[in-house]
Amino acid sequence: MQNGKGLVTGFVAGLAVAAGAFFLLRDEPAMPASEDARIAALAAQVDRIERGVSRLAKPAAGEPRVVQEEAAVPTALPPVEGSRSVQELQKVIVSADGMVDQAIQMGQWTRLQARELAELTADLPADERDRIMARVAAAINNDQVQPELP
């Protein structure tokens, strides 16, 4: 008879553990009120941030819209102090753009290329030098070019 009592006791104990696990693991009610309030507050903050960003993204009424377009060669260069003429500067720009195009075709950007490009563009106007360097950065960021790491 002892074996029968042990079996029944084990069965009841197992049933109690299973029922306890069921009650613990069942779906909880939606959310306590405090969590609902926190979520509503966060949603309100997100809405305020979105409105602020969209307001900042719109140009002011009197300001002209600035549209950045990438041109291969500028139509006119500002006068630059120094010994280079406008035609020489345009040749340098074409050469620098060619270096970037070649790097994109090869899929690699070395430190030597970076040094040569910096030397070549040293006398260019800042906006042209920045445009060319932005092309290199965009090629690296778009995985068109793998930079040589030290």
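Summary table
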| read-out | value |
| --- | --- |
| Cα-projected label distance for ARG38 with VAL53, points at 7 Å along beta-carbon direction, nm | 2.3 |
| Amide H contacts of TRP109 (H built 1.01 Å from N, under 5 Å, at least 5 apart or other chain) | GLN146, GLU148 |
| Label point distance in nm, MET106-ASN141, each placed 7 Å from Cα along Cα→Cβ | 2.4 |
| Kirkwood-based shape ratio for the stretch 79-150, expressed as Rg/Rh from alpha carbons | 1.00 |
| Förster radius 30 Å - calculated FRET efficiency between ARG115 and GLN87 (Cβ-Cβ, nearest 0.05) | 0.75 |
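Each value in this text was obtained by applying a stated rule to the coordinates, not by laboratory testing. Bear in mind that the values here come from a model prediction, so they are computed numbers and not experimental data. Here Cβ is always computed from backbone atoms with ideal geometry, including for glycine, and neighbour counts include all displayed protein chains.
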